[in-house]
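First comes the structure, then the notes that go with it.
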Amino acid sequence: MAAIRGVFSSNFGFIMAAAGSAVGLGNIWGFPTQAASNGGAAFLLMYLVLAFCLAYPAFMAEILIGRYGQANAVSSLQKIANNAWQKKFAITVGLMGLIGASLILSFYSIVAGWMMAHTIEPIAVVVNMPNIAHWLTDFSVSRNLVFTAVFTLFTMFIISKGVENGIEKWSKRLMPFMLLILVLLIIYVLTLDGAKAGVIAYLSPDLSRIFEPNLLLNALGQAFFSLSLGSGVMIIYGSYIAKKENIVSLGAYVTCIDVGIAFLSGLLIIPAMYVAQAQGVEIFNQQGQLLSEDTLVFTVLPHLFTQMGSVGLLCAFAFFALMSVASLTSSISLLEAPVSYVVERFNVSRKRSTIVVSVVIFLISTLIITNFSTLFGLVITISTQYSQPIVAMLCCVFVGWIWHRNSVLNELKQGDITVENSFFWKVWPWYTKLVCPIAITAVFIHKFV
Ligand code: PHE
């Protein structure tokens with residue numbers, strides 16, 4: 001091994017890092033958009049149910065694999081395998097996860113770059129540089145390349161510093177900052193005309209919609225993306241948790257934070273949409289469907305900010321800074337998954353591994369940027385709709401069917417000697433063995449037939 005493995009120095013450090021990975025564009029942009037297009041509160045309700053009943057057990061499976069393996073996703077899965085074919089299976093699943101993470105990062109850093117460009121735009125307006133302001137918000141290859149590169153450099157900087165001085169330190173700084181901006185923005189938006197209608201749409205469920213297949217599919221997909229499942233990310237973060245920690249409760253905290261921030265983001269975005277509507281911005285088409293997902297963040301909200309004068313500039317800055325920070329704490333986890341593999345597998349230094357992996361991912365991003373209409377949607381579909389659910393399901397299969405039950409229990413007992421008598425131990429093994437794989441497969445089949 002190239003270096004002594006890193007470890008999170010405290011519970012709080014792990015919670016901030018894992019919640020930082022989980023909370024990202026998926027929460028602040030994806031969740032409110034999905035909620036707005038799928039019946040508001042009905043979606044919220046089913047999202048809560050699915051996040052706790054399906055995504056949390058799968059999430060626990062992944063962090064447990066990592067904590068047991070004390071290594072990157074591929075090696076951790078291999079340690080659970082008992083014979084030659086299972087080891088090959090482990091390598092395949094692990095590598096699929098890491099390739100998936102790299103593909104997610106290749107499109108994620110493009111979108112995060114847009115967020116950074118939009119963060120700077122109000123500053124360009126204030127210092128009276130209209131051409132630059134226009135370039136920052138206009139969709140162009142040059143803008144996309146520059147900001148993807150800048151965002152990649154930020155991510156590389158943090159990852160090159162390692163677990164405690166990079167991931168943990170920056171997550172602990174950035175996450176509370178992000179929460180503060182989010183709360184301040186919510187308070188402000190709720191004071192504006194029209195916000196009340198948005199709060200009502202968001203919080204009063206139309207119960208007739210809760211079992212709509214599409215709503216359930218979208219809610220489950222959203223929960224898996226949001227908890228960063230099926231990408232090797234939670235396996236590697238799990239591997240940095242000290243053995244004495246109680247991972248059942250750590251996992252529960254992270255899930256609650258992730259779900260909580262998604263909920264709060266809905267409380268910001270949906271009322272903001274209605275405020276924009278009250279000011280004459282069109283947000284729904286004639287059939288009552290949301291116009292389109294990217295219009296929400298890049299048209300509706302900026303339009304609203306423009307109408308608010310100089311306070312609007314401040315709000316625009318705060319909102320896009322929020323998005324940029326949330327993306328950064330997710331992208332570091334996405335980069336850590338392949339970087340840790342390269343460090344441990346090829347015995348190279350962390351710095352070198354960070355540079356090599358980032359360059360490869362940046363080249364993929366460049367390919368996407370220069371062939372945007374063909375590749376952008378395709379890479380998102382492959383990585384988030386195929387790779388993530390399949391790998392997450394296979395991790396559950398590993399824990400439920402391949403890993404010996406006693407060994408699973410021993411791993412859990414290290415941080416909580418009483419776990420054997422807990423509700424968690426009565427329910428979770430069955431969930432990972434049967435409920436999660438069947439439910440994920442069912443969702444998957446439903447999607448493609
Ligand atoms: N969970 C992140 C979000 O909500 C995205 C992500 C997916 C991060 C997979 C890591 C791994 O934006």
Can you find even one residue in segment 146-164 that is of a type in the set (Gly, Ala, Ser), under 30 Å from residue 375 (Cβ atoms) and open to solvent by less than 70 Å² (accessible area, probe 1.4 Å)?
yes
Take segment 84-108 and flag every residue that is open to solvent by less than 60 Å² (accessible area, probe 1.4 Å) and either more than 16 Å from the ligand (Cβ to nearest atom) or more than 24 Å from the chain's Cα centre (by Cα) (or both).
86, 89, 90
Per the list (1) away from the ligand (no atom under 16 Å from the Cβ); (2) touching a Phe, Trp or Tyr at 6+ places or on another chain (Cβ under 6 Å); (3) closer than 25 Å to residue 428 by Cα, residue check on residue 18 breaks on (1)
When residues of segment 280-318 are limited to those that are crowded, with 16+ Cβ neighbours inside 10 Å and of a type in the set (Ser, Thr, Tyr), the one farthest from the chain's Cα centre (by Cα):
299
How many residues does segment 223-278 contain that are on the phi > 0 side of the Ramachandran plot and basic (Lys, Arg)?
0
Condition set assigned to a helix (DSSP H, G or I) and free of Cβ contacts under 8 Å to residues at least 12 places away in the same chain, scope segment 250-283, selection nearest to residue 188 (Cα to Cα): answer is 260
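Results for (1) buried (at least 21 other Cβ atoms within 10 Å of the Cβ); (2) of a type outside the set (Gly, Ala, Ser); (3) within 16 Å of the ligand (Cβ to nearest atom), shown as yes or no for each residue.
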| residue | (1), (2), (3) |
| --- | --- |
| 320 | yes, yes, yes |
| 327 | yes, no, yes |
| 337 | yes, no, yes |
| 357 | yes, yes, yes |
| 370 | no, yes, no |
| 373 | no, no, no |
| 395 | yes, yes, yes |
| 402 | no, yes, no |
Filter result for residue 68 (hydroxyl-bearing (Ser, Thr, Tyr) and either open to solvent by less than 40 Å² (accessible area, probe 1.4 Å) or within 14 Å of the ligand (Cβ to nearest atom) (or both))
no
Is there a residue in segment 58-65 that is open to solvent by 10 Å² or more (accessible area, probe 1.4 Å) and either modelled with pLDDT under 95 or away from the ligand (no atom under 13 Å from the Cβ) (or both)?
no
Can you work out which of the residues in segment 109-145 that are among the hydroxyl-bearing types (Ser, Thr, Tyr) and more than 16 Å from the ligand (Cβ to nearest atom) is nearest to residue 360 (Cα to Cα)?
142
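The values are calculated or read from the model by the stated rules, or taken from the named source; none is laboratory data. The structure displayed is predicted, hence computed values, not measured ones. Methodologically, a virtual Cβ is constructed for each residue, glycine included, from the backbone with ideal geometry; neighbour enumeration extends over all protein chains shown. Only protein heavy atoms, including side chains, enter the accessible area calculation; ligands, DNA and RNA are left aside. Shrake-Rupley method; radii C 1.70, N 1.55, O 1.52, S 1.80 Å.
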